[in-house]
Every structure is written in C-alpha cells, then in structure tokens.
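Read-outs: derived from the displayed coordinates by stated rules, not from any lab. All values reported here derive from a predicted model rather than from experimental measurement. Every residue, glycine as well, gets a Cβ built from its backbone with ideal geometry; the counts of neighbours run over all protein chains shown.
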Amino acid sequence: MAKQLIDQAAATLPADKRASVYQSTKATHEKRTKLLFDQFNDPDLLRQRAGEIKQHVIENLDTFLPAVEAKLQANGAQVHWASTGEDACAAVLRIMQARGAKKMVKAKTMVSEEIELAHYLEQHGIEALETDLGEFIVQIDKDHPSHIVRPIIHKNRREIAQSFEREGLGAYNDDPETITRRARQFLRHKYLQADVGLTGANFVSVESGRIVLVTNEGNSRFSLAAPKVHIALVGIEKLVPRDRDLGVLLNLLARSATAQQLTVYTEFIAGPKSATQPDGPEEMHVIFVDNGRTDVLASECREILRCIRCGACLNVCPVYRQASGHAYRSVYPGPVGAVLSPLLAGKKFPELADLPKASSLCGACNEVCPVNIPIPDLLLRLREKGKREGASLAAVGTPPMGAWALLASQPTAWKAALFGGKALNYLPTKLIPVPALRAWEEKRALPEWRGGEFRKWMKQRRQS
C-alpha cells in the first residue's frame, strides 16, 4: 500500500520534535478548553455567533470591500488591491521605492508568508527583517514556520541557542531569558533604522476603518513607532462589519490560540499619525490581497474563509500532533491547511490533493474552531474533488478504505465481520494474511474489540 506524503514525513520526524509538538499542542488545547468552559456558560453558542458574523462577511464582500475602502481613505490611508501574490509583492516594492526605502521591519503576518514577500524583497535589494521572535528564528535558520501561532513549535531551546551562536548573537546559552534578551538587543536598533514597518491585520472594521492587531511581544508597536511608512497586508476576508463584533471575536481568538483571556497587546490603528502626534507613520498603505480567495469564495468550501488563524484545530488534531507542520508542504498546516492550501493552490491543486486525506475525520477540529467551520465536511468535499479531477495524490492510500466501503455496503458480509471481530480479542492479527493489515499493526496496537452487540440489543429490546 502506498503511503501518503504526510505519513512519510511523520515517519521521519525525530522523536524529540514529535514530543515537543505533541506536548505543546496538548497543553494549549487543554488550557483553552478549561478557560472557555470556566468563563462562558455556553461557549458553543458563542462560537456559533462568531461563525455567523464571519459567514455574513464572506457572503457580502461585494458590499463590504468598497465600504471599508472608503472608510480607510477617509482615515487617511491609501488602499491598494492585489489580485495575486505577485501583485501584492510588487505593490509593496513600489511603495518602498517611491520613498527610496531600503529597510523594512515586519511584524508577524501569514499573508506575507503566503506570498513569500521577504524572499521577493531580498531579490530586489531590500532588507526585510522578521521581528516576531519565532519568525526571526525561522528567518535566520532559512526555515519555514510549522504552526500558525507558534512558528517554531518544532524547535527546542538548544537548537535556538546554536542558531544564535552561529549568527554572532552571543556565545552558546540555551536559557530562554538570555535568548529573548539577545534577540531584543539585536532587533532594537533595527526598528530605529527601518524605513518601513509592515504588519498584517487580524481584523478590519468596516464601520470604523480601523485595523486590529493582536500580539504578545509588542513587536508590532515597535514596527510602527519609528518608521515613516506603515504597510498592512490584509486578506480580503479579514473584515468584520462593526466594531461591536470584535467583542465576540477577540474573546474567542485569544482563548483559542494561546489560552489567554486577551493577548498582551491589542491595537486599533485608524490611520497615519495626526498632526498632533509626535511619532508614528506619516503614510499608511493597506494592501487587500486576493491570491485565490475569490476562487475559494466561489467554491463549495467557502466556509474556510471564516478562519481567524487561531491554530486551535492544529492543537487538537491527532495527525498534526504526529506529523508537525512541515509535513503539510504549505504555509497553512493542520486541518485548516488541509482545506485552505489545496484551494489557494488553484491550478496546482493536484500537488496538494493528498492533504484532505490527512485526517481521521474525528471532528475535533470543528468542535474547537472559534468560528464553527465544518472542517470535516470540507475535507470530504475536497476528497471528492480530487477523485473527480483524477488527481493522482488523491488516490494514495485508498485501497483499504475502498475495501472497507465494499464491506460496509454488503449487509451479510458486514454481519459476518462483526461476528468474526470478537476473535481478534483472542487471536493475534498477524495470523490474518493481509499485508496491509500487518504493516499497519507494526505501528499501532488494536484496542479490545467491543462491537457487534447492537443488533442483539435491539432485537431483545423489541421483544421486551
């Protein structure tokens, strides 16, 4: 049986990295659950409400986008539109070249990762420095983030200390406080030297035209304090209709992402600095990025555009916990990435058609999603799309499931299998001459068989 690429990646993942990913995601998920259910009588109702807000946005983008453009312009910001990632990169470069800018400091933004902005600017002689600690470490290691919220979840402090020593940031020292202090010392003067500060946006209010940023390190504030130009890269789906909607979404975002009641820094940016402000950007540019989102909106998986990039689905996913983020071969890993990445790939969908199969369909991702995205349903739709379009990767690993489907659709065979299943409690499965089963059991242990009693129970119930 051919293995999926994500299985192959998981099999080669070092044990210490798997342990790091598993322990971190498990702890965050448990804290998130306790926090939500301790502080809200019905957190699921809150998730439903948040999902309705975001679904309303994506269903009415044709109205909200012109409205937010007008509000941003009234606030003094300049608005740009980018159909593709290449267009977005070119727009950033044009803004910098118009000011003769050569140095940029970047706060964390998934859109910039998606369009490979830093690499593009480097090719054009621009220094684009990541200032989020995790993203900074990824950058100096020429690595890629493996989690939406925690980009270096796959690294330990010893690896980071070695990277800092290699880059001349100090002698080897794996004390977390020392690592943080050295990063701060290195980055502090970079903020002062920068011509441009670039951020993303967690939300943009259509009502007020304000950009909302949530961080825990404060690097976004530093990125906006000294530079004279602020550029915000924003996916077109990041809108909220009203300021009051942020009360729902911000409460859920922090708890879902990092199990905090609220992130340390929550910023509302209305535009460039006013005449009475001593510091801040003199120019503010907002680049709304499509890059395949319109195609997603037109698809049967449009609900994925609700995503607020909290990473809760990654933290609970048993597949992600074993494989880590790099196994997904995309900027967006985990269950959300298994849906979003193939969709954003456009014509390259066949290259990622296996990702929707990287799921047990247990439904945990839907249960924790703060905006109630039906991820399992979307994964099934994409599996069908891969089969319909004949994507070769979509067929990897299908024979066992095909055999199961055949068995489950034949009542007589199904009853016989249920009766015979009890024998598995007493006989080693190695006696069953099925190579695929033997290969599967080399990595797993079957639980005690407990099925096959429902029909008997129902028959007795009817007789009574």
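Dimensions of segment 217-286 based on its C-alpha atoms, expressed as ranges along the principal axes with the largest first, amount to 36, 26, 22 Å. Taking each of LYS34/LYS387; LYS357/LYS415; LYS54/LYS106 in turn, the alpha-carbon distance tops 30 angstrom for LYS34/LYS387.
Which shape class, rounded, prolate or oblate, goes with segment 1-99 when its Cα gyration tensor gives a ≥ b ≥ c as root eigenvalues, a/c under 1.5 marks rounded, and past that a/b bigger than b/c marks prolate?
Working: a/c = 2.40, a/b = 1.37, b/c = 1.75.
Oblate is the answer for segment 1-99, as a/c is 1.5 or above yet b/c matches or exceeds a/b.
The shape of segment 105-172 can be summarised by an equivalent ellipsoid whose semi-axes, obtained from the alpha carbon gyration tensor, come to 21, 15, 9 Å from longest to shortest. Taking all C-alpha pairs of segment 294-376, those more than 19 Å from each other amount to 30 percent.
Bridging of LYS273 to aspartates and glutamates at a Cα separation below 14 Å is possible for GLU282, GLU283, once same-chain residues fewer than 8 apart are set aside. The orientation-averaged projection of the convex hull spanning the C-alpha atoms of the chain amounts to 26.7 square nanometres. A convex hull fitted around the alpha carbon atoms of segment 277-320 yields 158 Å³ per residue. Cross-linked pairs LYS142/LYS228; LYS108/LYS142; LYS102/LYS228: Cα-Cα separations exceed 19 Å for LYS142/LYS228. Remark: segment 134-248 is approximated by an ellipsoid whose semi-axes, taken from the C-alpha gyration tensor as √(5λ), come to 31, 17, 12 Å, largest first. Highest mean packing first, where packing is the average number of other Cβ atoms within 10 Å per residue, the peptides 265-272, 374-381 line up as 374-381, 265-272. Directionally averaged projected area (segment 68-151, Cα convex hull): 6.4 nm².
All Cα-Cα distances of segment 185-314, cut into 10 Å bins from zero to the largest, leave 11, 37, 36, 14, 2 percent in each bin in turn. In the chain, a dipole from Cβ-located charges (positive for Lys and Arg, negative for Asp and Glu) runs towards its positive end, and of ALA270, LEU252, ASN291 it is LEU252 whose Cα lies farthest in that direction.
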